[in-house]
Amino acid sequence: MKKLLYTILIFFISFLFYFIFNLSHKKSNEKFLNNYVFFAHRGVPYFVENTEPSFKESLNLGFHYLETDLNFTKDEKIIVFHDNDTKRLLDTNVVISNTNWNDLKKLKFKNDTSSQKLNILLFEEFLKKNYAFSLYYLDIKVSPTKKLANQLISDLSKAENLNSYLVADANILFLSYLKFKNPNIKTVLEGFKNGKEWYYYLIPIRFRPDYLASNYEDNNEYHISFLKRHNLINNKIIYGISSEEISDAIKKGFKCFIVDYDSTTASFLNQQKANH
C-alpha cells in the first residue's frame, strides 16, 4: 500500500513540475505590435479564388498577407485548392482525394474573368512563384495524415523564405509532427476558442503553435483576457469575421484578420498605406 501511495505521489509531483514548467509561453510576435495584419481570403473575390490573378491583384490592392488553401490528391500531390471536389469551381465534378494530379491539372476553372484559361496550382509551383507576400496562411482542407505532413515538409523545404509560411490546422498532433521534423516550420492551431484555454498548457513548449486562430464569435471576454494575460493576443488570428465587425475586434485588442475584400476592408488597407 505504501509503495502504491509513493508511486502516486511521485507521479503527482512529476506532473506538477511538468505543468509549472509548461506555464511559460512563446514570446508574442513583436512584428505585429504596431501593425494590423489583413490576410486576403483566397485572394480577391472578383477573380477565381486561389489562382495567380487573384493573388497578384491582392498585392496590387495593398494586401501584404495571403490566406490560401491546400488539398491533397490521390497520388499524394499538394495543390492550392479549397473544395473537396471540383463541382463549384471547375467544369466537372470529381473528388480531389480520388483523382491523380495528372488528371486534375488538365481541368480549367469556370467563371474565369482573367481570360487566362487557368488551371489548379500545384503547391510546389506556388512556392516557386514567390508572390512577395510577407506571410502566407496555409489552411489545410483535408484530414491530416503522415503522408500529407511528409509531403508538406518536403515542399516547404524548397521555399526560399520558410518563415513566411504558416501551416494552419485544428489537429495539434499533425502540427506537432511538423515541428518535430522541422522546428523552423511555423504553425497555427485553428479552433482555439472559448473553453479551450486550459488546453494550451498541455501542449509541450517545443510543439506549441506559433499562432492561434478561431472564428470571431468564439472569443468571449474571458478568452480575450486569457490571451492578453499571457501575451498571446498578437498571435491570435481571427477568421469568420465580417468587415463591419473589424473595428469592434480592433477595440478588443485583435490585430490579425483573414478578410474578404470589399469597400470596408479597402479603407483599412488605405489607412495601412498612409501609416507606412
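Throughout, read-outs are computed from the coordinates displayed, never taken from laboratory work. The shown structure was predicted, so the numbers you read here are calculated from the model rather than taken from an experiment. Cβ coordinates were reconstructed from backbone atoms using ideal geometry, including for glycine residues, and neighbour counts include every protein chain displayed.
Structure notes:
- When you filter the trypsin sites (Lys or Arg not before Pro) in region 133-231 for DSSP loop state and at most 12 other Cβ atoms inside 10 Å of their Cβ, you are left with 158.
- Spatially close Lys pairs in region 223-276, defined by Cα atoms under 19 Å apart and a spacing of eight or more places or different chains, total 8.
- Antiparallel content of DSSP bridges confined to the chain, in %, to 5: 20 percent
- Here is the list for region 129-207: GluC sites (Glu not before Pro) lying in DSSP coil, each with at most 16 other C-beta atoms within 10 angstrom of its C-beta, are 160.
- Here the calculated FRET efficiency for residue 143 and residue 270, from their Cβ-Cβ distance with R0 = 45 Å, stands at 0.70, rounded to the nearest 0.05.
- Highest GNM mean-square fluctuation among 218, 139, 103, for the chain modelled with Cα contacts below 10 Å: 103.
- Extension reserve of the residue 76-residue 263 stretch, reckoned as 0.36 nm per residue once the Cα distance is removed: 63.4 nm
- Burial ranking of peptide ranges 92-102, 230-240 (average Cβ count within 10 Å, highest at the top): 230-240, 92-102
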